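The values are calculated or read from the model by the stated rules, or taken from the named source; none is laboratory data. These numbers come from a predicted model, not from an experiment. Here the Cβ is made from the backbone with ideal geometry for all residues, glycine too, and neighbour counts use every protein chain on show.
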Amino acid sequence: SAFGQEEARKILNKTRTTALLIARQIERGARHRLVEMSMDLGIDHSGGIWFFEANSKPMKFDEPDIRKQSLDRIFQYSQFLLRKKAGKKAAPG
């Protein structure tokens, strides 16, 4: 609410893009897929994004809704990787 609805939407989109970029860089540096990762990000008063830390195996949550979402995302990502792998096998060359 500090930024207004339109600016908040832009910041949220930028935050998602930044989180994915950071995750890719961490996996690139680790030289393998970590599959599950959590990040602590912050937004300053001017809308700048701050990265604090990432965890490759985040703690298990006490809140059932958050835990379910975490498990759902793991399954979604696993399915994505399987489809990607199947697509590479089907591609010529």
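In region 78-93, the qualifying residues are those that are surrounded by 10 or more Cβ atoms within 10 Å (Cβ to Cβ) and of a type in the set (A, V, I, L, M), and the one that is modelled with the highest pLDDT is 82.
In this structure, residue 8 does satisfy being more than 16 Å from residue 77 (Cβ to Cβ), of a type outside the set (Lys, Arg) and not in a strand (DSSP E or B). Residues in region 45-66 that are modelled with pLDDT under 85 and among the aromatic types (Phe, Trp, Tyr): 1 in all. Among the residues that make up region 67-77, is at least one of them assigned to a helix (DSSP H, G or I), of a type in the set (Phe, Trp, Tyr) and surrounded by 12 or more Cβ atoms within 10 Å (Cβ to Cβ)? Within region 67-77, one or more residues are assigned to a helix (DSSP H, G or I), of a type in the set (Phe, Trp, Tyr) and surrounded by 12 or more Cβ atoms within 10 Å (Cβ to Cβ).
Cβ separations smaller than 6 Å between residues 6+ apart or across chains give the following pairs from region 19-46 residues that are over 16 Å from residue 77 (Cβ atoms) to residues that are in a strand (DSSP E or B) and modelled with pLDDT under 90: 40/53.
Can we say residue 3 is farther than 18 Å from residue 73 by Cα, of a type outside the set (Val, Ile, Thr) and touching a residue at least 40 places away in the same chain (Cβ under 8 Å)? Against the criterion (farther than 18 Å from residue 73 by Cα, of a type outside the set (Val, Ile, Thr) and touching a residue at least 40 places away in the same chain (Cβ under 8 Å)), residue 3 qualifies.
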